[in-house]
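Let me begin by presenting the structure, written as structure tokens, before commenting on it.
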Amino acid sequence: MYDFGAVIGNKSIIKSLKQAVEHKRVNHAYIFDGLKGSGRKTLAYAFAKTLNCKAGTGSPCGSCISCKTFDSGNNPDVIFVKRSEGEREIKIDAVRNVINKNIAVKPYSNRYKVFIIEDADRMNTAAQNAFLKTLEEPPYFAVFLLITENCSKLLPTVLSRCQHFRTENLPAEEIKKYLVSRLSVSDAAAYTAAVYSGGSIGRAAELALSEEFGALCASVAENTIKLLETDLIGLYKLTAQMEQYKDNIESYLDIMYLLYRDCLVYMQTGSTAALVRQDITDIISRICTLTGTRRLIRGCSLIEDALENLRRYGDFQLVIENLFFKLKEK
Ligand SMILES: [Zn+2]
């Protein structure tokens, strides 16, 4: 179950957390900030478990009553604060009913009472202000672990009272190794997912195992060839068919961008060794023959512009039409 051994990378954070327990220098509040799937939750959970482990070392023993009840979700001295189902924010009621109510009572059978606040950056201002009051004068036994994706959304007064850890974005090669060895994913699929994940191992695992992602990658490659080979009527048809990707158009364009980038790498090196998409080298070489360096470079910036325009203006059909017609220009 939850243990520092389950965290990939993030060695310096693990070292600091272990030392805090070993040297009995535990702070009242910690922030675990980083991408989803980058190990924030595992780090926070392993630390929470270590804090109350009866063995009293820098790692959870896994077999004492405190570790066991943590793993089964029944440790009375670990309190979770979460968003309610369907809610976008953590509201003041959650802080009042869960934190403030529990903080008045000493731990039942442990050294610390640990509060784990998931999506802490989703606490609205009122909730943060209510939390701040507790954070300013916490009882000696309280430890708060805040898990965030963007800790700049926390009030400076909250931030300044927490020790801050930022989980690292792992190199694609390291993520690939993990996916191949633990999830039995093929080398090519693992590397593609690792690159698209932007350094988050959890996201990469999700992508590598997702049939939808595999299918989307295949469609992007197929449609890009079509786009370059077809005539004007075919291009209109293709643009109309893009409606089916409306819900995941950002992923579609991200994949397309990396495909163009792969083509550029292939044009410049003449080798497939550095390509992300090792599984479609024939398609990459075909796109290169149909375009050339200048059009590929222009293509990359057109795709980036399209992503930006979608975020800013959101007129899906117009942005896609504009992109496809410009990509077709010689
Ligand atoms: Zn233990």
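We did not get these values from a lab; they are worked out from the coordinates using the rules stated. Computed from a prediction, not measured in an experiment: that's the story for all the values here. With ideal geometry, Cβ positions are generated from the backbone for all residues, glycine too; neighbour counts draw on all protein chains shown.
Observations
- Exactly one residue out of 15, 101, 36 is within 26 Å of the chain's Cα centre (by Cα), surrounded by fewer than 22 Cβ atoms within 10 Å (Cβ to Cβ) and part of a helix (DSSP H, G or I), and it is 15.
- Counted residues, the range 104-130 - those being more than 26 Å from the chain's Cα centre (by Cα) and assigned to a helix (DSSP H, G or I): 3
- The conditions of being out of contact with any Ser or Thr (no Cβ under 8 Å at 6 or more places or on another chain), assigned to a loop (DSSP other than H, G, I, E, B) and within 18 Å of residue 33 (Cβ to Cβ) are not met by residue 88.
- Criterion: in contact (Cβ under 8 Å) with a residue 12 or more places away in the chain, under 20 Å from residue 156 (Cα atoms) and small (Gly, Ala, Ser) - qualifying residue of 126, 94: 126
- Yes/no for residue 49 being surrounded by 23 or more Cβ atoms within 10 Å (Cβ to Cβ) and within 16 Å of the ligand (Cβ to nearest atom): yes
- The set of residues from the range 52-90 being within 10 Å of the ligand (Cβ to nearest atom) and hydrophobic (A, V, I, L, M, F, W, C) comprises 53, 55, 61, 64, 65, 67, 70.
- Counted residues, the range 201-220 - those being buried (at least 22 other Cβ atoms within 10 Å of the Cβ) and either more than 13 Å from residue 251 (Cα to Cα) or without any contact (Cβ under 8 Å) to a residue 12 or more places away in the chain (or both): 3
- All of (1) more than 12 Å from the ligand (Cβ to nearest atom); (2) over 25 Å from residue 205 (Cβ atoms); (3) crowded, with 20+ Cβ neighbours inside 10 Å hold for residue 93 with one exception: (3).
- Residue under evaluation residue 237, criteria (1) without any contact (Cβ under 8 Å) to a residue 60 or more places away in the chain; (2) of a type in the set (Lys, Arg); (3) loosely packed, with under 14 Cβ neighbours inside 10 Å; (4) in contact with a helix residue (DSSP H, G or I) (Cβ under 8 Å, 6 or more places away or on another chain), criterion not met: (4)
- All positions within the range 192-227 that are small (Gly, Ala, Ser) and more than 18 Å from residue 34 (Cα to Cα): 193, 208, 210, 214, 215, 218, 219, 221
- Among the candidates 154, 132, the residue that is touching a residue at least 60 places away in the same chain (Cβ under 8 Å), of a type in the set (A, V, I, L, M, F, W, C) and either in contact with a Pro (Cβ under 6 Å, 6 or more places away or on another chain) or farther than 28 Å from residue 65 by Cβ (or both) is uniquely 154.
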